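The values are calculated or read from the model by the stated rules, or taken from the named source; none is laboratory data. Please read all numbers here as calculations on a predicted model, not as lab measurements. Heads up, the Cβs are rebuilt from the backbone with ideal geometry, glycines too, and the neighbour counts pull from every protein chain shown.
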Amino acid sequence: MWDAWYITLKDLRLLWRDQRTLAILLLLPLIFITILGTSTGQLFALKEKAKKIKVGIVNADQRELSALILTEVELVDALAVEEFPDMEAARKKMEQGEFDVTVYIGPEYTDRVEALRLGDLLAKKGLLKDELTSLDVKVESSAYWATAKQVVEKLVFGFAYKTFVPQILRRDKAKLALELKREANKIDEEYDAAEAAAAAAGTADTAKTELQQIADRIGEQKSPINESNFVYQIIVPSYTVMFVFFIVMLMARSMIEERDLGTLNRLRMSPATQAATIIGKTVPFLLVSVIQTILLFIAGRVFFSMSWGVQPWVLLPVIVCTSMSAVGLGLLVATTARTDAQVSAYGNFLVLTMAGLSGCMMPRQWQPPLMQKLGLVTPHAWSLIAYDQLLTKQYPDFQQVAQSCGMLLAFAAVFFALGWWRFRSL
Amino acid sequence: MSLLEVEHLHKKYGDFVALHDLSFEVIAGEVLGLLGPNGAGKSTAMMILAGLRTSDGGVVRISGERLDQNPDKLKRMMGVVPQELAIYPDLTGRENLMFFGSLYGYTGSRLKGRVEECLNVVGLAEFADQHTATYSGGMKRRLNFSVGILHEPELVVLDEPTVGVDPQSRNHLIECVRKLAQKGVAVIYCSHYMEEIESLCRRVAIIDHGKLLAYGALEDLLDGSRLDLEMRVRGWSVELGSKLEKLVKVTSVEGVDAHLIVPRVAGEGRSNLTNRLAQVLDVIRAAQAEVQTIQTKEHNLERLFLEMTGRKLRD
């Protein structure tokens, strides 16, 4: 195995002398991360994930009851509300894309509410059988926002219900309302008495359930994940994984060059075994790949305030397993390609296709379920799954991380076995 | 005793027979010239000797041991200097030698000492710490040679070691080979430069289409046809050609001019050749043709090679 060590040292020396390539391996992903982090920040950022639905409201009723709906809708954080004088103006803005959904409260809204009887609140066939339409309220949206429209419809109906039910109760069944109030007061008093008794018995501290205590502890823990720079928690590992696999081409080129120089034959003529030659040719690139990842993660932290998650050391096995699968693929490409041009063709195709399929270019969560499943045929996807757990979750699923590492090692084993088998034909 | 014995070597690539029943041997201290046109099977033979290919039949023995049964041990006894410059351009000359030396088990001061020795032998000590990418063609060839002999092999296979080098480097390399043989190293020297083979080798093997065409002492191979008679005849005709068919070889015909060779048959005495010449002249005179020039021609290795392998261009 000393032969493997000598070959490793030789290749490390050659790599060190090819500093332009090393610089590209490190700088190119950093440039990508910076550009994409800046330009796609709005798409990725956690704050922006809770993007508000923009709702335009036209209140043609203009009376107290309809104003209450407006008040309720404006209180919802998920909605950005603006009032318009008429439907035409609202529709125009919606067509321009400035608003997603428009709510039209018709002039008959208050009249129709006042016509409701207590029984209509529960009846299926009463005056509320068509929900908002029954109340002279319409919700419109473009086809793209159809789902949001349904949500807003239900929300507005709920708010309408909430605002007119007390009025109907007051109007029709004042006595019933009074009884309900008394019942509520009685429940509160019983609850207060129970708490006072527990305090007297000295069990006040233990009154909190175990669940509440855990919840409190969780609440006290500060999340290590920097939400303001959440975008980098996603794109640093994504582009790191993508560029780690660019080692495939570097490694394949090195092997092809070794063959073209005739030095590969010289190695074969020497007492060095095939195992020593393959290991010696692979280890330097594995080291470069691991160092590349570590440096990119350090750069992510220094330049982009990226967090390394709650347990940074667990990143190491993921880094090593990812690099192993990358150099395994490198060996396979090296023993499959015949020329430098073929290395570029195969390498670029594999690296870019796998990166696209796996979610390196677009977060896996954004991909359709089928694509997410398809992506699992790439080692990239498993690496991203592990990084997602470790870098974006406050409570990572370590079992999932272990499974991902296992899959990465399986990919590495398959690539190595095929490369080993084909090595004699190189 | 033979250091290398090659017996009935056979190799096929699909339907193409690359080697057919090839046998030869090399004894310690001998330089055997291996000749053959491109595609003759030399490279295949050398790759099998170097352990880069396996044969389909036949046996290779080094020091009496079969190469296929003990490759690891026998590889250490063999040094190969390939035609291509199998050195790392981004390493210095010294680093190249240190690396390949370490693969053969040389370490520490033994490795350093041997590297210095090799650098001195090939005249590269002064340039040892320069990247080989900056070396001239001749320097690269010399380094390529030194890598092959670094581990002090008992058998050295040299494939076109002097291709594309200046006369000084070529001369230096040939001297190095001669010194290796003087030290008792068995050498197989493959080259297209016939004068190199003639100056270095006592015995040669000529192969073509995977077959051994000639094998033996260079003197014996040349002696059989050392003296040919070459003549130029004016007034050539087809009729005259048919009359001389059994007496001469016609090398070219241009209109009424023809070039002929009256060859000396192996083992034939000078008087027989003179008698045949007299017959040829009689026939020419009878046909009223005219002998314009007549001269003797020394037979050398190149002529022998071309006669045996033909003048047709190869790939």
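A few remarks follow.
- Residues satisfying the stated conditions in the stretch B:105-134, i.e. within 28 Å of the chain's Cα centre (by Cα), part of a loop (DSSP other than H, G, I, E, B) and either surrounded by fewer than 19 Cβ atoms within 10 Å (Cβ to Cβ) or within 14 Å of chain A (Cβ to nearest Cβ) (or both): B:Gly123
- Verdict on B:Gly148 being within 18 Å of A:Gly262 (Cβ to Cβ) and within 14 Å of another protein chain (Cβ to nearest Cβ): yes
- Looking across the stretch A:11-34 at every residue that is free of Cβ contacts under 8 Å to residues at least 12 places away in the same chain and of a type in the set (D, E, K, R), the one that is farthest from the other protein chains (Cβ to nearest Cβ) is identified as A:Arg20.
- In this structure, B:Glu95 does not satisfy being modelled with pLDDT under 90, within 30 Å of B:Gly137 (Cβ to Cβ) and not small (Gly, Ala, Ser).
- Within the stretch B:244-258, the set of residues being in contact with a helix residue (DSSP H, G or I) (Cβ under 7 Å, 6 or more places away or on another chain) and either buried (at least 17 other Cβ atoms within 10 Å of the Cβ) or among the hydroxyl-bearing types (Ser, Thr, Tyr) (or both) comprises B:Leu244, B:Val248.
- Boolean, A:Gln342 is surrounded by fewer than 21 Cβ atoms within 10 Å (Cβ to Cβ), touching a Lys or Arg at 6+ places or on another chain (Cβ under 8 Å) and not aromatic (Phe, Trp, Tyr): no
- Complete set of residues in the stretch B:68-82 that are in a loop (DSSP other than H, G, I, E, B) and either within 27 Å of the chain's Cα centre (by Cα) or of a type in the set (Val, Ile, Thr) (or both): B:Asp68, B:Pro82
- Exactly one residue out of A:Ser358, A:Ser383, A:Ser404 is more than 17 Å from A:Val236 (Cα to Cα), assigned by TED's automatic domain parsing to the domain that holds A:Pro284 and touching a residue at least 12 places away in the same chain (Cβ under 8 Å): that is A:Ser404.
- Options A:Thr392, A:Thr378, A:Thr336; residue that is over 28 Å from A:Gly300 (Cβ atoms), surrounded by 14 or more Cβ atoms within 10 Å (Cβ to Cβ) and assigned by TED's automatic domain parsing to the domain that holds A:Arg253: A:Thr336
One line per residue, one yes/no per condition, for (1) within 14 Å of chain A (Cβ to nearest Cβ); (2) outside any strand (DSSP E or B):
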position: B:Ala40; (1), (2): no, yes
position: B:Gly58; (1), (2): no, no
position: B:Glu84; (1), (2): yes, yes
position: B:Tyr88; (1), (2): yes, yes
position: B:Glu95; (1), (2): yes, yes
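- Picking from residues in the stretch A:287-310 that are touching a helix residue (DSSP H, G or I) at 6+ places or on another chain (Cβ under 7 Å) and not in a helix (DSSP H, G or I), the one that is surrounded by the fewest Cβ atoms within 10 Å (Cβ to Cβ) is A:Ser305.
- Subset of the stretch B:42-56 (residues that are farther than 27 Å from B:Gly138 by Cα, within 13 Å of chain A (Cβ to nearest Cβ) and over 19 Å from the mean Cα position of the chain (by Cα)): B:Gly51, B:Arg53, B:Thr54
- Search result, residues across the stretch A:256-273 that are part of a helix (DSSP H, G or I) and either at the interface with chain B (Cβ under 10 Å from one of its Cβ atoms) or within 12 Å of A:Ile7 (Cα to Cα) (or both): A:Glu257, A:Glu258, A:Asp260, A:Leu261, A:Thr263, A:Leu264, A:Asn265, A:Arg266, A:Leu267, A:Arg268, A:Met269
Residues checked against (1) outside the structural domain of B:Thr274 (by TED's automatic domain parsing); (2) closer than 30 Å to B:Phe16 by Cα; (3) free of Cβ contacts under 8 Å to residues at least 24 places away in the same chain:
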{"residue": "B:Gly216", "(1), (2), (3)": "yes, yes, yes"}
{"residue": "B:Arg234", "(1), (2), (3)": "no, no, no"}
{"residue": "B:Ser237", "(1), (2), (3)": "no, no, no"}
{"residue": "B:Ser242", "(1), (2), (3)": "no, no, yes"}
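- Selected residue [in the same structural domain as A:Val241 (by TED's automatic domain parsing), surrounded by fewer than 15 Cβ atoms within 10 Å (Cβ to Cβ) and more than 26 Å from A:Arg253 (Cα to Cα)] from A:Pro368, A:Pro317: A:Pro368
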